[in-house]
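A quick write-up on the structure given underneath.
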Amino acid sequence: MKPSILIVEDSSLEVMYLRELLTGLGYTVAGSFDSGEGAVEFCGKNRPDLILMDIMLKGRLDGVEAGKIINERYHIPVIYVTALTDGKVMERARITHAYGYLIKPFQERELHNTIEMALYNHAVTRKLLESEERYRTLVENINDVIFTVDKKGIMTYISPVSERMTGHKPEEIIGKSFVSFIHPEDLSRITKGFMESIAGRPASREFRILAADGRVVYVRTSGRLNYDDGMVSGLTSVMTDITDRKLAEEELSKAHNHIRYLLSSIHSIVIGVSTEDTITHWNPAAEKILGCEYANVIGRKVSETGIGWEWDVIFEGIAESIASDAPVHLDNVGITRCDGKERLLEMMVSPMKDDSGALYGFILWGRDITEKRMMERELAQARRLESIGQLAAGVAHEINTPMQYIYDNINYIKDEFEGFTAYFSDLQRLLTAASAAAPQMKEELLTAANNERVLDNIREIPRAIADSLHGAEHVTRIVRSMREFSHPGTTEKVSADINRLLESVITISRNEWKYTAEMVTDFDPELPAVVCNPGELNQAILNIIINAAHAIEDRGKTEGGKRGTITVSTKHGENIVEIIIGDTGPGIPPGIQDRIFDPFFTTKEAGRGTGQGLAIAHNIITKKHGGGISFRSTQGEGTTFSIKIPVSPAEG
Ligand SMILES: Nc1ncnc2c1ncn2[C@@H]1O[C@H](COP(=O)(O)OP(=O)(O)OP(=O)(O)O)[C@@H](O)[C@H]1O
Ligand SMILES: [Mg+2]
């Protein structure tokens, strides 16, 4: 399309001349006016591409004024045509952004060049303006603030949205140092950061600024350097409001801390496990009870923690909790701590699900119930012994009365039989003497005096009586042990003779050891009485004697049924009584010596041992009697336990 040109000229001759020239050069003449007002009005309706404007016009407006209005309102390029060379007018014309001047008279070529140059300049300027406009709209409409700052930190530009973000108007910011708006706590860090940026290391930074109303606004800036003649002149930066994100982060971190404090204040184990078996939570109670530090387990697979779990039990619980979508309670889960100690846990497995209901892990809650279970077993064992004791005491009582007269009668028979033997000897002597005096009855009398059957009986009966007495004494001893072993309901401490106590335990446990071992006792006759709970001490000693019997039995199995010896002896020191129980078993392997007192530690098959005997004995002797228990063991030779109990318990 041909460019259209408006002619504003008060001389009709000039108009004609220009029309001709312009048409000749291939332009369209949009029209012509002899006054500025007419031209302005025309431009409001039609937009010619260019105006050839004479400066001297008819009407109120001269060419410069009309050009100025048209340029400002309609952005149409104006070329001034004048015969004047008056500097003042030229100066005014320049101010209105004239696109060119033509001094009359001018050549056709000059006109052509000036028009083409003006059209070109105008097109370029328009593009520039458009692009600037585009950027301005962008800058002013994005939520992020764009600002520039000179190398001294003085704000040189800030986009208007800053008012929305900070409450400060751009004009209140521009010209001031950026430090005036920064939160005092971030000031030194950001000042240092600014120096680094200016020195050539611009970086993204987060800090707080103070809004006009005192609000704290969290922002992130990222800038690049501005250069002027190759020298750093300042920074252009984009500033984003990250307050919401920061506050959400703070909330989240508060929630995290909250959970952490909560978890660490719980005395139970709380462990988080992902569906990939990775440990995600491990609270201080888990560290303490399982003996594994947080740092060594977090992020690891459960199987890599070094803890021995009864995994089949836990997996079953996990499967059940998935199936039922509810927490599953597991009783008595055995674990081996990182240091090899055995513990018993009560556990709860709960599935963890996200908002959409997808499973992402499990919470394992656990409580150490080792001591609790041991106390329960100890009590159960004590009760069992007590009821056996009560039964035994009842039976013993029943046996005791008839036994008493059996014993008395045997003694009576023994005494009487001695008289009878003396009487029979006298009779024998008389018969022999009579046989000499009465020859006709000699044979008969001698046969009567030497009746072999009767004589045999007379010789055998005392042994039978002695055996019976021995047997009766034995029964009496057992009966007494049975009565002494049972201390129904004795929770209070009493003064007791430890030798007799040991004797009764040995008698009661005879069935445990008599097939495999001899029992040798060596009791200190001067042993002082000990203030103790005899029922509990019986329980402790019984456990140790049974262990000794088991040890000898085990050794016997590998050594062709060889019998062993259990030695029980007592000694005393100042205010102390020592009980020593030795066996000739295989000894305790060094590798397990520091674990034998642990609750539930056993090397015996199920049914023969539960691993509580020594734990119970230890508890009774140390905790309940303020004493001590130790042992010495040599592989292949045997084991000797030593129990030391104070004669009178410490006060308190
Ligand atoms: N005299 C001993 N000789 C060799 N090993 C022993 C002896 N006494 C104890 N032990 C070892 O110590 C372990 C723990 O003993 P403890 O009495 O606590 O439990 P247990 O005998 O296995 O079971 P429970 O006593 O509950 O029936 C035994 O399994 C055994 O390995
Ligand atoms: Mg035992």
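Applying the criterion of at least 2 residues that are surrounded by 15 or more Cβ atoms within 10 Å (Cβ to Cβ), of a type in the set (Gly, Ala, Ser) and more than 16 Å from ligand 2 (Cβ to nearest atom) to the helices (runs of 4 or more DSSP H) found wholly in the stretch 494-558 leaves 534-558. Could you grab me the full set of residues in the stretch 595-615 that are over 20 Å from Glu553 (Cβ atoms) and more than 6 Å from ligand 1 (Cβ to nearest atom)? The answer is Arg595, Phe597, Asp598, Pro599, Phe600. Every listed requirement among (1) in the same structural domain as Gly214 (by TED's automatic domain parsing); (2) over 50 Å from the mean Cα position of the chain (by Cα); (3) more than 13 Å from Ser237 (Cβ to Cβ) is met by Pro184 save one, (2). For the stretch 403-412, the criterion of being touching a Ser or Thr at 6+ places or on another chain (Cβ under 7 Å) and either in the same structural domain as Asn332 (by TED's automatic domain parsing) or at pLDDT below 85 (or both) is met by none of the residues.
Across the stretch 24-34, the number of residues qualifying as crowded, with 16+ Cβ neighbours inside 10 Å, out of contact with any Phe, Trp or Tyr (no Cβ under 9 Å at 6 or more places or on another chain) and not in a loop (DSSP other than H, G, I, E, B) comes to 2. When the stretch 568-586 is limited to residues that are buried (at least 19 other Cβ atoms within 10 Å of the Cβ) and of a type in the set (Gly, Ala, Ser), the one that is farthest from ligand 1 (Cβ to nearest atom) turns out to be Gly582.
Do we have Thr603 as out of contact with any helix residue (DSSP H, G or I) (no Cβ under 6 Å at 6 or more places or on another chain), outside any loop (DSSP other than H, G, I, E, B), assigned by TED's automatic domain parsing to the domain that holds Leu501 and surrounded by fewer than 20 Cβ atoms within 10 Å (Cβ to Cβ) here? Don't jump to the end; show me each part of the working.
Numbers: out of contact with any helix residue (DSSP H, G or I) (no Cβ under 6 Å at 6 or more places or on another chain): yes; outside any loop (DSSP other than H, G, I, E, B): no; assigned by TED's automatic domain parsing to the domain that holds Leu501: yes; surrounded by fewer than 20 Cβ atoms within 10 Å (Cβ to Cβ): yes.
Here the answer is no, as Thr603 does not meet what is asked.
The set of residues in the stretch 323-346 being without any contact (Cβ under 8 Å) to a residue 40 or more places away in the chain and surrounded by 15 or more Cβ atoms within 10 Å (Cβ to Cβ) consists of Pro327, Val328, Leu330, Val333, Thr336, Glu346. Are any of the residues in the stretch 394-413 aliphatic (A, V, I, L, M), in a helix (DSSP H, G or I) and in contact with a Lys or Arg (Cβ under 9 Å, 6 or more places away or on another chain)? Taking every residue of the stretch 394-413 in turn, at least one turns out to be aliphatic (A, V, I, L, M), in a helix (DSSP H, G or I) and in contact with a Lys or Arg (Cβ under 9 Å, 6 or more places away or on another chain). Residues of the stretch 596-652 that are among the basic types (Lys, Arg) and either without any contact (Cβ under 8 Å) to a residue 24 or more places away in the chain or away from ligand 2 (no atom under 13 Å from the Cβ) (or both): Lys623, Lys624, Arg632, Lys644. Hey, can you tell me all the residues within the stretch 625-639 that are surrounded by fewer than 17 Cβ atoms within 10 Å (Cβ to Cβ) and either touching an Asp or Glu at 6+ places or on another chain (Cβ under 8 Å) or under 24 Å from Pro586 (Cβ atoms) (or both)? Of everything in the stretch 625-639, those that are surrounded by fewer than 17 Cβ atoms within 10 Å (Cβ to Cβ) and either touching an Asp or Glu at 6+ places or on another chain (Cβ under 8 Å) or under 24 Å from Pro586 (Cβ atoms) (or both) turn out to be Ser630, Arg632, Thr634, Gln635, Gly636, Glu637.
Which of the residues belonging to the stretch 195-213 are of a type outside the set (Gly, Ala, Ser) and either without any contact (Cβ under 8 Å) to a residue 40 or more places away in the chain or part of a strand (DSSP E or B) (or both)? Spell out the reasoning first.
At the first step, the residues of the stretch 195-213 found to be of a type outside the set (Gly, Ala, Ser) are 195-196, 198, 201-202, 205-210, 213.
The answer is Met195, Glu196, Arg201, Pro202, Arg205, Glu206, Phe207, Arg208, Ile209, Leu210.
Within the option set Phe597, Phe631, Phe641, being in contact with a Lys or Arg (Cβ under 9 Å, 6 or more places away or on another chain) and not assigned by TED's automatic domain parsing to the domain that holds Gly340 holds for one residue only, Phe641. So, in the stretch 105-152, exactly how many residues are in contact (Cβ under 8 Å) with a residue 60 or more places away in the chain and not hydrophobic (A, V, I, L, M, F, W, C)? Of the residues in that region, 8 qualify. Between Glu65, Glu72, Glu37, the distinction of being assigned to a helix (DSSP H, G or I), modelled with pLDDT of 90 or more and more than 60 Å from the chain's Cα centre (by Cα) belongs to Glu37 only.
Residues are listed down the side, and each one gets a yes or a no for (1) assigned by TED's automatic domain parsing to the domain that holds Asp339; (2) small (Gly, Ala, Ser); (3) within 30 Å of Ile335 (Cβ to Cβ); (4) at pLDDT 90 or above:
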| position | (1), (2), (3), (4) |
| --- | --- |
| Ala255 | no, yes, no, no |
| Thr275 | yes, no, yes, no |
| Thr280 | yes, no, yes, yes |
| Ile298 | yes, no, yes, yes |
| Gly308 | yes, yes, yes, no |
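Checked across the stretch 396-414, the condition of being within 60 Å of the chain's Cα centre (by Cα) and surrounded by 13 or more Cβ atoms within 10 Å (Cβ to Cβ) holds for at least one residue.
If you check Arg483 against the conditions, is it over 25 Å from Thr603 (Cβ atoms), among the basic types (Lys, Arg) and without any contact (Cβ under 8 Å) to a residue 24 or more places away in the chain?
On the way: over 25 Å from Thr603 (Cβ atoms): yes; among the basic types (Lys, Arg): yes; without any contact (Cβ under 8 Å) to a residue 24 or more places away in the chain: no.
No, not satisfied.
Taking the stretch 567-594 on its own, how many of its residues are touching a Lys or Arg at 6+ places or on another chain (Cβ under 6 Å) and part of a helix (DSSP H, G or I)? Adding up the residues that qualify gives 0.
Mind telling me which of the residues Val395, Val328 ends up being in contact with a strand residue (DSSP E or B) (Cβ under 9 Å, 6 or more places away or on another chain) and of a type in the set (A, V, I, L, M)?
Working: Val395 fails: in contact with a strand residue (DSSP E or B) (Cβ under 9 Å, 6 or more places away or on another chain).
Going through Val395, Val328 in turn, just one is in contact with a strand residue (DSSP E or B) (Cβ under 9 Å, 6 or more places away or on another chain) and of a type in the set (A, V, I, L, M): Val328.
Results for (1) under 28 Å from Glu398 (Cα atoms); (2) within 16 Å of ligand 1 (Cβ to nearest atom); (3) among the aliphatic types (A, V, I, L, M), shown as yes or no for each residue.
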| residue | (1), (2), (3) |
| --- | --- |
| Pro439 | no, no, no |
| Thr447 | no, no, no |
| Arg453 | no, no, no |
| Ile498 | yes, no, yes |
| Lys514 | yes, no, no |
| Asp524 | no, no, no |
| Ala529 | no, no, yes |
| Cys532 | no, no, no |
| Ile541 | yes, yes, yes |
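Among the residues making up the stretch 607-633, those that are in a strand (DSSP E or B) and more than 14 Å from Ala548 (Cα to Cα) are Gly628, Ile629, Ser630.
The values are calculated or read from the model by the stated rules, or taken from the named source; none is laboratory data. Not measured: the values here are computed from a predicted model. For neighbour counting, all protein chains shown are included, and Cβ atoms are generated from backbone atoms with ideal geometry for every residue, glycine included.
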